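Data first, discussion second: the structure below is written as structure tokens.
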Amino acid sequence: MDKHIFKRILLSLGQGLRQTFAWMIKNKQVLVFVFLLVAASLYFVYTLGYSTNWALIVSETRGARFYRASQTANRLMSQLGFILVIVVLLNMGFGSMSRKKYYFSNIVLSILSSILILVSSVINLYYNSVLRPMYANISEEEVPAYLYTVHGAGQKSYQIFELGNILSIFMIISGLLVIWFLIYKVKAQHERAKLIEKLVNANER
């Protein structure tokens with residue numbers, strides 16, 4: 001075996017990582033907003049199926065308190081999710097994903113997108129932290145075990161809470177990336193404008 005093969009493999013991996021990182025830096029604007037769109041879309045889809053795991057089971061039993069709380073949460077989350085998707089699509093429509101020069105509309109929509117996705121993620125984490133213990137505390141006296149089988153749910157599942165918490169982390173990362181990119185963009189435009197002004201003044205002398 002060639003004694004230098006591992007060294008070549010490591011060098012190839014290092015070169016690949018550098019090229020990938022360079023590509024990501026070069027295309028950071030597109031990547032940030034694609035990530036935002038994916039996170040917003042996944043959240044909206046998530047809210048549409050939020051209460052289906054327990055709605056048919058709990059609504060027919062004495063677990064109505066939990067059911068009412070979950071429906072209140074679901075309505076707010078789905079409304080926010082819908083608004084978030086619309087704002088993000090508007091942001092895309094105004095060219096924030098590809099525009100070299102940001103206008104006031106791009107700045108406002110980017111700020112609004114980041115605020116909405118951060119608020120939605122925090123609300124999701126909050127409701128999951130409240131509803132999960134309520135769901136766990138529902139006893140067989142309130143919801144007979146056979147109802148889980150009748151409605152095809154098997155047993156109590158906490159997957160919707162776990163997925164929601166993971167999704168919230170991605171949403172927070174997405175919102176922070178948009179804020180970071182917006183600061184970078186505004187700062188770069190400001191520096192470019194100062195440079196152009198400086199060059200113009202130099203030519204006029």
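The values are calculated or read from the model by the stated rules, or taken from the named source; none is laboratory data. Values in this document were obtained by computation on a predicted structure and should not be read as measured data. With ideal geometry, Cβ positions are generated from the backbone for all residues, glycine too; neighbour counts draw on all protein chains shown.
In this structure, is Val87 surrounded by fewer than 14 Cβ atoms within 10 Å (Cβ to Cβ), at pLDDT 90 or above and out of contact with any Pro (no Cβ under 8 Å at 6 or more places or on another chain)?
no
Scan region 98-114 and report the pairs whose first residue is touching a residue at least 24 places away in the same chain (Cβ under 8 Å) and closer than 10 Å to Val87 by Cα and whose second residue is among the hydroxyl-bearing types (Ser, Thr, Tyr) and part of a loop (DSSP other than H, G, I, E, B), with Cβ atoms within less than 9 Å and a gap of 6+ or a chain change.
Cβ pairs passing all conditions: Ser110/Ser96; Ser110/Tyr102; Ser113/Ser96.
Quick check, is Tyr126 more than 18 Å from Leu177 (Cβ to Cβ), surrounded by fewer than 15 Cβ atoms within 10 Å (Cβ to Cβ) and at pLDDT 95 or above?
In short, yes.
Picking from Leu13, Leu42, which residue would you name as being modelled with pLDDT of 70 or more, in a helix (DSSP H, G or I), within 16 Å of the chain's Cα centre (by Cα) and of a type in the set (A, V, I, L, M)?
Details: Leu13 fails: within 16 Å of the chain's Cα centre (by Cα).
The unique qualifying residue is Leu42.
Can you spot a residue in region 170-192 that is in a loop (DSSP other than H, G, I, E, B), surrounded by 15 or more Cβ atoms within 10 Å (Cβ to Cβ) and either at pLDDT 75 or above or not charged (D, E, K, R) (or both)?
No - not one qualifying residue is present in region 170-192.
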